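Here the structure comes first, spelled out in structure tokens, and everything after it is commentary.
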Amino acid sequence: MLIKSSVIFTRTYVIFFLLCTALTHAQLEPGKYISVNVGLGLSAPDDDSEAGGTGFYAHGEYLVSVYKWFSIRPYVGLVNTNPLNPDRALDQLGYEVTTKALFFGSKIRLAAPIPYVAPFIETGMGLSVGAFKTYTEYTDINKKGVFTHIPFSMGLALGKHNNFELGFTYQFHQTVKQSSGTIALGYNFALD
């Protein structure tokens with residue numbers, strides 16, 4: 001019985017290994033790329049308020065694909081949001097969450113080796129330069145300057161060569177008690 005289980009386990013492992021090896025060819029090849037992402041900009045408070053903002057979001061990345069599943073991504077971008085309060089009572093109180101900032105930093109990406117639809121997750125560290133307003137029933141912050149943020153992204157790399165992207169990209173700004181980001185569409189251009 002033990003020998004039979006060992007043979008089944010070994011066969012399963014070999015099949016899994018060969019499958020994963022074949023699937024890794026669908027990821028971005030190691031090399032250098034430029035990635036461009038655009039989308040609807042969003043700002044949200046860190047508290048439980050219904051206030052928020054919408055506008056424009058764009059960012060670009062110089063990406064170094066070290067392995068097919070791992071890349072380093074220095075980035076630069078901008079977000080510009082204006083108040084959006086679906087509740088008229090919030091409008092009358094003047095609550096708003098807005099972001100008008102340039103941001104830059106560096107992050108890393110881990111991607112699953114799946115052809116045509118490769119899920120990924122990213123995080124890193126960055127700086128934002130601009131004006132942030134978080135005025136809700138719980139928070140009253142209006143600051144301009146340079147602030148740190150933590151970027152976080154997750155999404156799908158799509159296509160035969162995984163050069164199209166659809167993902168959620170956010171920067172968490174602890175100092176101003178808000179998050180800004182987008183649901184972005186992107187494209188990767190090979191430089192090599």
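General observations
- Residues satisfying the stated conditions in region 122-150, i.e. in a strand (DSSP E or B) and polar (S, T, N, Q): THR123, SER128, THR134, ASN142, THR148
- Residue within region 46-55 that is within 15 Å of HIS149 (Cα to Cα) and either modelled with pLDDT of 95 or more or buried (at least 20 other Cβ atoms within 10 Å of the Cβ) (or both) present: no
- For beta carbons closer than 7 Å, sequence separation of 6+ or different chains, a first residue in region 25-48 that is more than 30 Å from ILE141 (Cβ to Cβ) and aliphatic (A, V, I, L, M) and a second that is at pLDDT 90 or above and open to solvent by 30 Å² or more (accessible area, probe 1.4 Å), the qualifying pairs are ILE34/TYR62; VAL36/TYR187.
Each row is one residue, and each column tells you yes or no for (1) open to solvent by 50 Å² or more (accessible area, probe 1.4 Å); (2) within 22 Å of VAL146 (Cβ to Cβ).
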{"position": "PRO30", "(1), (2)": "yes, no"}
{"position": "TYR62", "(1), (2)": "yes, yes"}
{"position": "VAL66", "(1), (2)": "yes, no"}
{"position": "GLY77", "(1), (2)": "no, yes"}
{"position": "LEU84", "(1), (2)": "yes, no"}
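- Taking the conditions (1) open to solvent by less than 50 Å² (accessible area, probe 1.4 Å); (2) in contact (Cβ under 8 Å) with a residue 24 or more places away in the chain; (3) not aromatic (Phe, Trp, Tyr) in turn, LYS100 satisfies each one other than (1).
- Within region 60-84, the set of residues being under 23 Å from VAL97 (Cβ atoms) and either of a type in the set (Lys, Arg) or not in a strand (DSSP E or B) (or both) comprises LEU84 only.
- Region 159-192, subset polar (S, T, N, Q) and in a loop (DSSP other than H, G, I, E, B), residue nearest to VAL36 (Cα to Cα): ASN163
- Cβ-Cβ distances below 7 Å connect the following pairs, each with a first residue in region 110-124 that is β-branched (Val, Ile, Thr), a second residue that is at pLDDT below 90 and buried (at least 18 other Cβ atoms within 10 Å of the Cβ), and a separation of six or more residues or different chains: ILE114/ALA26.
The values are calculated or read from the model by the stated rules, or taken from the named source; none is laboratory data. Bear in mind that the values here come from a model prediction, so they are computed numbers and not experimental data. We place every Cβ from the backbone using ideal geometry, glycine too, and count neighbours over all the protein chains shown. We work out accessible area using only protein heavy atoms, side chains counted, and drop any ligands, DNA or RNA first. Shrake-Rupley method; radii C 1.70, N 1.55, O 1.52, S 1.80 Å.
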